[in-house]
Amino acid sequence: MKQTDFEFGKKKRVVVKIGSSSLNHEETGNLNFTKLEHLVRELCDLRNRGMDVCLVSSGAIAVGRQSIGLSERPKDISTKQACAAVGQARLMMTYQKLFAEYNQIAGQVLMTKNTMVNPVSRENAKNTFEELFRLGVIPIVNENDTVSTYEMQFGDNDTLSAIVASLVGADILILLSDIDGLFTDDPHKNPDAKLITVVEKMDAKVYEMAKGSTGSDVGTGGMATKLTAAKIATLSGADMVIANGKDVCIIHHIFDDSFTGTIFKANKSESFHIADFIMETIG
């Protein structure tokens, strides 16, 4: 298959995930307001196309640590939670202001693993998302780092975004990363590594290409987590794209079917249940 065969412009519901490393200036760790403004403009334009739009945004701990004045990412849970408490509020305040400039409303949804494992909470979350979409609101999702401890965590927002895509029945999940997509080898170490543009089926050969390292001081997810996200998304019936978030304008290029990245083709399985998958793999 070719990229143009997917006709992303016809999709109706999209989940976009952006990581901490794509939101912050590499030199200082502070928020990149220019990129944030461009991201919001892209998402508002998708809404104007008639799509339901959901954003899964990392960055709360990174924003909080800068606000508090910590030079490095905290390692203990209590400090992370304190940073998240400060950072999530600041991040949402920034998003609300930017979305308002384009006459769009954003809403905050914070989730823990228990949200998805508990059937009542899961159904409530699904109903909330549906109502937000019906009202034309753009949900902004993050893990609830302020209360999450190890046993309550998804672990990374690549996985969280795929879980959200599964929950809301999205047509497409877009992971904006610091790499162009899935390569045959680590492109940072092997100049002969080639970009794979389309993955039609998740198999052992694909998983072997994953690298565990992230190379980022502010992020948590490497290629392995993105392939886990691809498994969740595709089995739930959504196409998934990994693209470079260095220029967030790539979003509209994706929907114009002209971009550099990797597409994972949807392969919906009726036997796939997201709650069971979370319990079996995340614990």
Global geometry of the chain, whether rounded, prolate or oblate, following the gyration tensor of its Cα atoms and the 1.5 cut on a/c:
rounded
Taking the alpha-carbon centre of each part, the distance from region 224-262 to region 35-100 in Å is 20
Set of lysines near Lys113 by C-alpha distance (under 24 Å), chain-local residues within fewer than 8 positions excluded
Lys17, Lys75, Lys80, Lys126, Lys226, Lys231, Lys268
Tyr207/Asn103 FRET efficiency (R0 45 Å; Cβ-Cβ; nearest 0.05):
0.55
Across region 16-33, in residue order, what do the Karplus-derived ³J(HN,Hα) couplings come to in whole Hz, using 6.51 cos²θ - 1.76 cosθ + 1.60 with θ = phi - 60° and x for Gly and Pro?
10, 10, 10, x, 4, 5, 8, 9, 10, 5, 4, 6, 10, x, 7, 4, 8, 5
Amide H to amide H under 5 Å from Asn244: which residues, 5+ apart in sequence or cross-chain, H placed 1.01 Å off N in plane?
Ser177
Report the residue, chosen from Pro191, Pro74, Pro119, that carries the largest GNM mean-square fluctuation when the chain is represented by alpha-carbon nodes joined by springs under 10 Å.
Pro191
A correct Karplus calculation of ³J(HN,Hα) over region 42-50, with 6.51 cos²θ - 1.76 cosθ + 1.60, θ = phi - 60°, whole Hz and x for Gly and Pro, returns 4, 5, 5, 5, 5, 4, 5, 6, x
Residues with amide H under 5 Å of Ile105's amide H, sequence separation 5 or more or different chain, H placed in the peptide plane at 1.01 Å from N; which?
Ile138
How high is the relative contact order of region 3-282, given as a whole-number percent (alpha carbon pairs under 8 Å, six or more residues apart)?
24
Running a GNM on the chain with Cα contacts under 10 Å, which residue among Leu36, Leu55, Leu175 ends up with the highest mean-square fluctuation?
Leu36
Beta bridge orientation in region 3-282: antiparallel %, DSSP, nearest 5:
20
Run the paramagnetic zone check for Lys246: 7 angstrom along Cα to Cβ, then residues of region 158-193 with backbone nitrogen under 19 Å.
175-193
May I ask you to list the chymotrypsin sites (Phe, Trp or Tyr not before Pro) in region 33-114 that are in a DSSP loop and have at most 15 other Cβ atoms within 10 Å of their Cβ?
Tyr102
For region 1-40, which trypsin sites (Lys or Arg not before Pro) are both in a DSSP coil and crowded by at most 10 other Cβ atoms within 10 Å?
Lys2
So if a site counts as exposed when it's one of the GluC sites (Glu not before Pro), its DSSP state isn't H, G, I, E or B, and it has at most 13 other Cβ atoms within 10 Å, what's the longest stretch of the chain without one?
73-199
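Read the figures in this text as sums done on the coordinates, not as results from a lab. None of the values given here were measured: they were computed from a predicted structure. Note: ideal-geometry Cβ built from the backbone for every residue, glycine included; neighbour counts use all protein chains shown.
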